Amino acid sequence: MNLHEYQAKRLFAEHGVPIPQGDVATTPAEAREIARDLGGRVVVKAQVPIGGRGKAGGIKLANTPDEAEERAAEILGMDIKGFTVRKVLIDQQAPGGIDQEIYLAVLIDRAARKSMIMGSAEGGMDIEEVNEKTPEKIFKVHVEPAVGVRGYQSTYLASAMNLPRELWRDFHKIVAGLYECFKADDASLTEINPLVITGEGKLMALDGKMTIDDNSLYRHPRLGEMRDLDEETDAEKEARLSGINFIQLDGNIGCMVNGAGLAMATMDVVKNYGDEYGCGPANFLDIGGGAKAEQVATALRLILSDSNVEAVLINIFGGITRGDIVAEGILEALNQIQPDVPMVVRLAGTNAAEGRAILAEANMETAVTLSDAAQKAVAAARGGASA
Amino acid sequence: MSILVNKDTRLLVQGITGREGSFHTTQMMEYGTNVVGGVTPGKGGQWFEAAGQRVPVFDTVKMAKEATDANTSLIFVPARFAVDAIYEAADAGIELIVCLTEHIPVLDMIDARAYLDTKGINLIGPNCPGLLTPGEAKVGIIPGSIAIPGNVGVVSKSGTLTYEVIDALTKMGIGQTTCIGIGGDPIAGLSFIEILALFEDDPDTDQIVMIGEIGGNAEEQAAAYIAQYVTKPVTSFIAGRTAPPGKRMGHAGAIIEGKAGTAESKMAALTAAGVTVAENPDEIARIVAERMN
């Protein structure tokens with residue numbers, strides 16, 4: 001789960017990370033009031049969970065409450081990479097301006113199997129780009145879980161990044177606070193970009209990004225409530241509540257598969273055979289084990305809620321659940337939903353032949369191999385033309 | 001021969017009386033796996049009956065280990081309690097821990113993995129289907145019916161995609177030494193490299209199938225290892241070429257982060273290491289079969 005900037009920064013502040021004073025507005029009038037309370041010189045920032053807000057015109061300076069209201073009116077309702085701006089953060093401008101921008105983050109290094117702190121003096125930029133062009137400007141330290149962040153580690157980062165020495169002590173507090181926050185809230189990323197040195201010579205987190213491990217939300221009810229329901233499509237919400245893994249893509253062949261790896265492989269094969277005809281996967285969908293009628297019906301509803309879908313490929317590997325049982329479940333679900341696009345069902349594994357016989361009797365298009373299924377689905381999406 | 005699990009496996013099932021645990025323990029016992037007991041806190045003293053046998057249930061792994069001398073433990077415990085179950089098995093002296101549980105928080109696994117490493121204990125998983133040595137031991141949920149004994153080692157991050165490949169091999173008459181799902185979580189136990197090393201050393205394994213997916217760089221690391229240390233032919237498939245960046249594709253670890261973890265990078269690294277990378281999972285069994293002739 002990705003948090004908004006204002007949520008991330010407030011959580012950082014709970015661990016002693018200095019952030020600008022500010023508040024969230026949902027209307028231009030609110031933005032004006034907040035700006036007035038902050039003394040007028042503010043920055044108005046779109047709250048959408050995606051990078052590149054600045055370039056898209058979602059971050060603007062204002063020097064009076066009137067300007068803040070105008071800027072908020074421009075930004076609210078804007079579309080940034082598919083997200084509608086419903087909230088703006090009104091932050092005080094950095095006192096005395098910005099002297100330097102730094103990058104600082106805590107994340108998980110999968111290869112080292114540890115948390116890692118990453119810093120760069122090239123703050124304010126896309127860190128991926130820095131990593132690509134000048135990887136030597138990024139400095140990293142790993143955190144031993146039982147040891148935590150030690151002073152020498154932040155000293156190394158501060159020295160390597162050429163931070164002014166008088167700020168090292170404060171920098172250490174920020175590094176330790178950001179790691180504490182990461183750990184306490186089960187984050188997979190806490191990132192400050194930029195962490196600035198203000199004109200008054202103080203460190204301050206001007207931006208914040210935080211990803212919470214969804215698997216930990218059971219022990220963080222407070223964080224769970226931070227989920228922005230406006231950022232979720234109806235289909236994504238239904239999927240989440242029914243325990244189906246569903247991700248919308250932009251192709252025209254709906255895919256329903258049991259198992260995440262097989263679901264990805266199915267998408268890949270659909271694209272292999274469909275690409276030259278402009279066909280590709282419309283979604284990733286893992287229905288989990290068993291393929292019971294109710295789950296299949298929910299999954300079908302999700303897939304068909306996308307009007308781009310011109311055919312649906314159901315690919316189920318029956319292991320412990322036998323293919324004939326799966327076939328009966330699929331027929332029951334189809335009876336409930338009555339889809340109006342062509343369907344191709346591929347059953348494999350235990351009792352697959354019996355399952356296919358049941359489906360064939362009900363006049364369903366079936367397939368034996370994954371390649372065969374993908375080709376039939378592509379043909380069906382193209383209106384019966386042979387792929 | 002085989003790796004990690006075989007006829008000498010003395011298996012304990014943590015969570016044996018739960019719905020999933022009891023169903024799959026029955027399947028394992030019917031397959032002929034040597035299940036020696038189970039653990040469910042509060043149910044010590046009961047018996048678990050299946051396949052015409054009965055095995056004792058204990059309150060703790062320590063008690064179970066003392067009474068049965070189990071060497072392997074399989075964890076069928078819900079996510080909130082699964083990490084505790086891993087520590088418990090480690091502290092009781094279990095040598096191989098297999099954890100099937102999905103949705104364990106990543107930071108918990110970082111701590112647990114660091115602890116297991118200090119004790120030199122092997123973990124498979126979490127979020128995995130377990131292992132199967134055809135004809136000897138089924139430790140987990142890989143369907144026994146789709147596998148036959150033979151000379152191909154299979155290792156994968158996936159569940160059903162692996163079954164798919166095993167099934168295709170079996171249908172061509174090609175058996176397997178051991179099939180292992182290492183799981184799709186960002187932080188896990190044994191990785192591709194460690195399993196590849198075991199297969200390389202196993203005299204009965206002639207070929208290796210390795211199924212990876214987007215996310216992280218375990219496949220790239222495996223490629224570097226293969227180039228240097230693996231002499232047996234490896235056939236691979238990487239799932240997720242069509243996955244968009246920034247989206248988690250079901251498995252917690254299956255995510256392209258920025259430009260890292262793409263299928264292209266993994267396929268290129270494996271190809272450069274001399275691995276045959278299939279475009280399509282259907283091709284794997286055929287490639288393996290052609291090599292046998």
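For n ≥ 4 DSSP H runs only, could you compute -39500 (n - 2.57) per run for chain A, divide by its residues and tell me the 222 nm figure to the nearest 500?
Computed ellipticity for chain A at 222 nm equals -11000 deg cm²/dmol.
Round to the nearest 0.05 the FRET efficiency obtained for B:D69 and B:E194 when R0 = 22 Å and r is the Cβ-Cβ distance.
In this case the efficiency is close to 0.30.
Anyone know which of B:A114, B:A50, B:A168 comes out most mobile in the 10 Å Cα GNM of chain B?
Among B:A114, B:A50, B:A168, the largest GNM mean-square fluctuation belongs to B:A114.
Which Cα, out of A:A263, A:S305, A:G288, lies furthest along the positive dipole direction of segment A:211-330 (beta carbon charges, K/R +1, D/E -1)?
So the residue furthest toward the plus end is A:G288.
Within the set of other residues whose C-beta is less than 12 Å from the C-beta of B:T68, count the net charge using Lys and Arg as +1 and Asp and Glu as -1.
Every neighbour counted, the sum reads +1.
When DSSP assigns beta bridges and you keep just the ones with both residues in chain A, what percent turn out antiparallel, to the nearest 5?
Antiparallel bridges make up about 75 percent of those DSSP assigns within chain A.
Go ahead and estimate [θ] at 222 nm for chain B from helices alone: -39,500 (n - 2.57) per DSSP H run with n ≥ 4, summed, over the residue count, rounded to 500.
-11000 deg cm²/dmol
Taking 0.36 nm per intervening residue step and subtracting the Cα-Cα distance, what contour gain separates A:L61 from A:A357 on full extension?
Value of the extension gain: 99.9 nm.
Only Cα pairs within less than 10 Å get springs; with that Gaussian network setup on chain B, which residue of B:T242, B:T72, B:T160 has the largest fluctuation?
Maximum among the listed residues: B:T242.
Report the local net charge at B:N6: Lys and Arg +1, Asp and Glu -1, summed over other residues whose C-beta lies under 12 Å from its C-beta.
With Lys, Arg at +1 and Asp, Glu at -1, the net is -1.
How big is the antiparallel share of DSSP beta bridges in chain B, given as a percent to the nearest 5?
In chain B, DSSP labels about 25 percent of beta bridges as antiparallel.
With both partners inside segment A:245-387, how many of the DSSP beta bridges are antiparallel, as a percent to the nearest 5?
Given both bridge residues lie in segment A:245-387, the antiparallel proportion sits at roughly 20 percent.
Please work out the ratio of the alpha-carbon Rg of the protein assembly as shown to 2.2 N^0.38 Å and round it to two decimals.
With N residues counted in the protein assembly as shown, Rg over 2.2 N^0.38 Å equals 1.02.
Please identify, among B:T133, B:T26, B:T118, the residue showing maximal mean-square fluctuation in a Gaussian network model of chain B using a 10 angstrom Cα cutoff.
B:T118
Measuring from centroid to centroid over Cα atoms, what is the spacing of segment A:160-225 and segment A:272-320 in Å?
For segment A:160-225 versus segment A:272-320, the Cα centre distance is 40 Å.
For B:K65, go through the lysines and keep the ones whose alpha-carbon is under 26 Å away, minus same-chain ones fewer than eight residues off.
Partners within reach: B:K7, B:K43, B:K119, B:K138.
In whole Å, what are the extents of chain B along the principal axes defined by its C-alpha atoms, from largest to smallest?
Principal-axis extents of the Cα atoms in chain B, largest first: 55, 42, 30 Å.
Taking the Cα-to-Cβ direction at A:E132 and at A:T84 and moving 7 Å from each Cα, how far apart do the two end points lie in nm?
Calculated label separation equals 3.3 nm.
If the only charges are +1 at each Lys and Arg Cβ and -1 at each Asp and Glu Cβ, what is the size of the charge dipole of the protein assembly as shown around the Cα centre, to the nearest 20 debye?
720
For chain B, what is the charge dipole size about the Cα centre, in debye to the nearest 20, if Lys and Arg each add +1 at the Cβ and Asp and Glu each add -1 at the Cβ?
Numbers: 21 positive and 34 negative charges, 82 e Å.
Approximately 400 debye in magnitude.
Compute the Rg to Rh ratio over segment B:10-60 from the alpha carbon atoms, using the Kirkwood formula for Rh, and round to two decimal places.
Across segment B:10-60, the Cα-based Rg/Rh ratio is 0.92.
What distance in nm lies between label points placed 7 Å from Cα along the C-beta direction at B:Y115 and A:Y156?
Simple spin-label model gives 2.6 nm for this pair.
Within 14 Å, Cβ to Cβ, of B:H103, how many net charges do the neighbouring residues add up to if Lys/Arg are +1 and Asp/Glu are -1?
-4
Per residue of B:260-268, count partner chain C-beta atoms within 10 Å of its C-beta, then hand back the mean as an integer.
Across the residues of B:260-268, the mean count of other-chain Cβ atoms within 10 Å is 1.
Work out the charge dipole of segment B:142-292 with +1 on the Cβ of Lys and Arg and -1 on the Cβ of Asp and Glu about the Cα centre, then indicate which of B:N217, B:I193, B:Y229 is farthest towards its positive end.
Ranked along the dipole, the leading option is B:N217.
For the pairs A:K87/A:K202; A:K87/B:K247; A:K114/A:K209; A:K183/B:K157, note any where the Cα-Cα span goes beyond 22 Å.
A:K87/A:K202; A:K87/B:K247; A:K183/B:K157
Hey, got a sec? Which GluC sites (Glu not before Pro) in segment A:209-254 land in a DSSP loop and have at most 13 other Cβ atoms within 10 Å?
A:E225, A:E232
On full extension of the chain, what length is gained from A:E225 through A:I337, given 0.36 nm per residue of separation minus the C-alpha to C-alpha distance?
Full extension from A:E225 to A:I337 adds 37.0 nm.
Where a number appears in this text, it was derived from the coordinates with a stated rule and is not lab data. From a predicted model like this one, the values you see are computed outputs, not experimental measurements. Glycine gets a Cβ as well: all are built from the backbone with ideal geometry, and neighbour counts include every protein chain shown.
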